[in-house]
Amino acid sequence: MNSVRSKILASILLITIVVAFGITMVIYRGAAKMIEQNYITVFSQRQEQTINAIDQMVQKLSYISIDVACNTEIKEAVSEYRATLKEKLLEEISENLRAFKKTDDGISSIYLLLPKERTVITSREYPVYRRKLSKKLLGQISQEISEQCRLILISDFVYDNKLILSLLERIENDKGEIIGYIFVNIENRKLYYDYLATITENNVKNAMLLKESQVITSLDMDVVKEHIIVNKYVKWMQGQENVGSDSENIYIYYKGNYSKLGLFLCIDRRKILGNLVYIRNSLTGVMILFLLISLIPAFYLTRVVYRPLKELTHTIKHVSYGELGIRARIISKDEIGSLSAEFNQMLDRIEELIQQVVEQEMQKKDAELEALQYQITPHFMYNTLNSIKCAAMLHGEKELAKLLDDFVELLQASISKRGTFLTVAEEIYVLKKYLELQNFRYGGGLTVIYEVEDSVRQCIIPRLLLQPLVENALLHGLDIKDKNSYITIRMYKKDDKLYLEVKDNGQGITKEQIQELLNSKTKKKRGLTAIGVANIKERLSLYYGDEAGLFYESSSNGTKAVIYIPIVMDAGE
Amino acid sequence: MDKKVLIKFVLIVLCFLFTGCTNKQNYNYKNNKPVIGIVTKSTDSEYWMSLVSGMNMAADELGMKTVFFSPESESEKEVQDRLAESLLVNKIDVLAVSPIDSYSEPDYINQAKKMTIPVISFDTCFEGTKIPYIGIDNKLVGYELGKELAKQMEHKGQAGIIAGDLRQSGHRQRVDGFMRYMKTEKNIEVAFIESGYANLQMSEKKVRKMKKNYPMVKGIFATSAVTALGIAQEIDGTKVKIVTVDEQKDVLDAIEQNKIAAVANQSGYRIGYETVQYIHQMLEGKELETKVLLSVQIITKDNLLNYMSNSREEYLQ
């Protein structure tokens, strides 16, 4: 969980899952809503048709019951029977009832009840009629009849005591007195198979045909036995049409316009959406599968992205342990690639710097060693030379003593550890000593002219800067045997720069010779001679960079070497 | 990414996903449309069929439901009363009746009052009651048809009346209106009034007997179209002029073929439509007149084409 790679992987996974699940859910919910809506619309239309069909059937039977009740033949036969009580008349009436029964398939039987005579006549083959009905039974029936209702749910008092739906109509005589009742009966079973069974399908949990709070017939047989509505359904059975749903079921309720019979359906919501749920689940499954499959390329992809980073991290770790020689492998050409390259360069630079420091340290050690060696020799040399000078003085050789004195001072100047820099005045003093020695050496034919501006006397210059130039003039420029040899040393300020000029009146030197002088390598030799022009150049660039320089001008009248450096005054002034 | 942040993020995502699963929308839709119980006199003529379709059309438009009942023929008063009663017992919201007997107030009117179910009449009214009536002015129709018949008889000769059941105010009023006009015609004598033929056609025998008894009759007023068509068929070829009521296709055809002289266009569709509209307004609690008389046009061969094209335009609109 700590590597960048696992984070990238986790991010990819998370984004994919959220997006995919989000889209799936939105589509699922939209589709579910649409399907339910369509289902409810279609189903409620079907149910409305069914209840209308039931209603029309009831209406038709209602009409038939009225027709029977108003039938004059039956009326006459009943009146006659009441007067005579002839059984034959009952068979006649039964025949009539049978004829009416045949007019509609929905009718299971027609009964004619004559309460006063305690007689019932039926349209059945058996019993055709029944006389001497018990008073208890008649009491029960009259209770049912007394209600202001034409459509009643009554137990079949003639046949099998099963509950039947019956249309009731009174028979009146000419005087308007009630002489009997007509029952046009519909079997519950018939209602069930004709109407409920056809509307019912897998999704329907329960279907009930209701007459107010009584259940006439239902899919759920337990309910039929009790003939009472389950309480939790009641709230969906208000009004004439009611379509509603809770989280589990959809409820559709319709009431017939005429019969007021209600058809109630309870539909399982999950089953309607069964296919959709299946699609959703398989979609989720497919999604997970693809997720797993896509993990493989994601694994490799992140590896490709991550490898250079890992390489760099690895290198940095090693470097931090001090392995400077190691370099990051550059694998990619992206940001990480260039980062690695930069890092490598940085390592190169660091190594170089370290190398320099090491070299400098080595040189310093060498110099210190050398200095120690030098410190021994000069003292011995000074003492010896001073002893020689004293001996020369004792022998009255004043000139020799003077030369020795010059030489000692020159030695002191060139070896002294007092500092790298001198003032112009001090440099000239040393230069004079050197030139006197050289003059002696070459027989005194040399004339030196000093043209030094007073303002530059306290300027600081590197030690023994001019000595090599003078030496060059003596070696290459002048013919020493010529008594008219001149060296002119000029020091002046110009354009904020200090100019140091050494000029001879020799035969001059060629350009090639100048080039050779300027480019010859520094040769470290003991003593004062042959330190060389190159040494001067090197020192100038070391101390002053581009601010200082050295150039030669040469003609047949002589050679001129010029040094220019920035003006730096002695700190002591 | 911090582990805590990651866990939080995952939890939020899971919450989102699970709320998506549990949230279910609920529907609830209730509808209570008023039911009009309608009892007509019969169903077998085109007039009644168009009346029923007019009622159904208006009920559909106004969001009401209809339950129709009808006796087999216009003579079954008891059956009609029982049908109306059964509608009341089944608690319809309004009862609309076209009574077979206009002159006796049936028991169910009282019953309806007790149950506070409003009753209205259409096509035929209850005489002497305050029960609202929607239909044509039958006296005026009789009067106008008399005028037309007199014109076609050239104001002379014998005329006869074949009326429907005179217990129905409609037929009686038509006869009354006809008679009132005929009193103004000095040279026309009303030779006979036969009654009791509503939707049942006059038998061949009776027509022949009538022809024999009244050979001088030049014009006949039949109060219902079905009777008129029956007679027209029997006496085809003679110069007897027949006028009648009820607009229906076969009567218009008969006019075109000169078999019937004139018809008062009592449109069943319009009466049906207006009746349901009246009920709708009544249920909304509007103050309404107790009589809504619809205008009637007398159609003869002269204005038949014009009338047909107008009614087609109306139909198309």
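For the stretch B:241-284, what are the residues that are part of a helix (DSSP H, G or I), open to solvent by less than 10 Å² (accessible area, probe 1.4 Å) and over 20 Å from B:T124 (Cα atoms)? Of everything in the stretch B:241-284, those that are part of a helix (DSSP H, G or I), open to solvent by less than 10 Å² (accessible area, probe 1.4 Å) and over 20 Å from B:T124 (Cα atoms) turn out to be B:V251, B:A254, B:I255. Of the residues making up the stretch A:101-118, those that are over 15 Å from A:R130 (Cα atoms) and in contact (Cβ under 8 Å) with a residue 60 or more places away in the chain are A:G106, A:I107, A:S108. Taking the stretch A:1-110 and the helices (runs of 4 or more DSSP H) fully enclosed by it, the elements with 3 or more residues that are open to solvent by 30 Å² or more (accessible area, probe 1.4 Å), modelled with pLDDT of 85 or more and facing chain B (nearest Cβ under 10 Å) are at A:4-69. Are there any pairs with C-beta distances below 9 angstrom linking a residue in the stretch A:532-547 that is closer than 15 Å to A:R463 by Cβ to a residue that is in a helix (DSSP H, G or I) and modelled with pLDDT of 80 or more, with the two at least 6 apart or on different chains, and if so which? So the pair list comes out as A:N535/A:P468; A:I536/A:P468; A:I536/A:L469; A:L540/A:E547.
Report yes if some residue within the stretch A:259-274 is outside any helix (DSSP H, G or I), of a type outside the set (S, T, N, Q) and at the interface with chain B (Cβ under 9 Å from one of its Cβ atoms); otherwise report no.
Yes, because at least one residue in the stretch A:259-274 is outside any helix (DSSP H, G or I), of a type outside the set (S, T, N, Q) and at the interface with chain B (Cβ under 9 Å from one of its Cβ atoms).
Against the list (1) open to solvent by 30 Å² or more (accessible area, probe 1.4 Å); (2) under 23 Å from B:K30 (Cα atoms), the condition A:L261 fails is (1). Among the residues of the stretch A:430-448, those identified as crowded, with 16+ Cβ neighbours inside 10 Å and either out of contact with any Leu (no Cβ under 8 Å at 6 or more places or on another chain) or without any contact (Cβ under 8 Å) to a residue 24 or more places away in the chain (or both) are A:K432, A:N439. The criterion of at least 2 residues that are open to solvent by 30 Å² or more (accessible area, probe 1.4 Å) is met, among strands (runs of 3 or more DSSP E) falling completely within the stretch A:460-509, by A:485-494, A:497-504. For the stretch B:41-79, residues that are closer than 22 Å to B:A112 by Cα, more than 9 Å from every other protein chain (Cβ to nearest Cβ) and of a type in the set (A, V, I, L, M, F, W, C) total 3.
Just one of A:L261, A:L273 is at pLDDT 85 or above and either in contact with a strand residue (DSSP E or B) (Cβ under 9 Å, 6 or more places away or on another chain) or not assigned by TED's automatic domain parsing to the domain that holds A:R150 (or both); which is it? Quick ask: steps written out before the conclusion?
On the way: A:L273 fails: at pLDDT 85 or above.
Unique residue meeting the criteria: A:L261.
Identification of strands (runs of 3 or more DSSP E) wholly contained in the stretch B:129-212 with 2 or more residues that are open to solvent by less than 20 Å² (accessible area, probe 1.4 Å) and under 25 Å from B:Y278 (Cβ atoms) yields B:133-136. Among the residues of the stretch A:311-323, is there at least one that is exposed (fewer than 11 other Cβ atoms within 10 Å of the Cβ), within 37 Å of the chain's Cα centre (by Cα), assigned to a helix (DSSP H, G or I) and not aliphatic (A, V, I, L, M)? The answer is yes; a qualifying residue exists.
Within the stretch B:80-102, the residues that satisfy the criterion of being facing chain A (nearest Cβ under 7 Å) and part of a loop (DSSP other than H, G, I, E, B) are B:N90, B:K91. The condition of being of a type in the set (G, A, S), free of Cβ contacts under 8 Å to residues at least 60 places away in the same chain, over 30 Å from A:K211 (Cα atoms) and part of a helix (DSSP H, G or I) holds for A:G285. Applying a threshold of 8 Å to beta carbon distances and a minimum spacing of six or more residues, or different chains, the list of pairs starting in the stretch A:553-573 at a residue that is modelled with pLDDT of 85 or more and part of a strand (DSSP E or B) and ending at one that is among the aromatic types (F, W, Y) and surrounded by fewer than 16 Cβ atoms within 10 Å (Cβ to Cβ) reads A:A561/A:F551; A:V562/A:F551; A:I565/A:Y544; A:P566/A:Y544. Of note, A:I93 does not satisfy the criterion of being without any contact (Cβ under 8 Å) to a residue 60 or more places away in the chain, over 60 Å from the mean Cα position of the chain (by Cα) and over 30 Å from B:K41 (Cα atoms). The set of residues in the stretch B:118-130 being within 13 Å of B:V39 (Cβ to Cβ) and either in contact with an Asp or Glu (Cβ under 7 Å, 6 or more places away or on another chain) or among the β-branched types (V, I, T) (or both) consists of B:V119, B:I120, B:T124, B:F126.
The values are calculated or read from the model by the stated rules, or taken from the named source; none is laboratory data. All values derive from a computational prediction rather than experimental measurement. FYI the Cβ positions are ideal-geometry reconstructions off the backbone, even for glycines, and counts take in every protein chain you see. Just the protein is used for accessible areas: all its heavy atoms, side chains included, with ligands, DNA and RNA removed. Shrake-Rupley method; radii C 1.70, N 1.55, O 1.52, S 1.80 Å.
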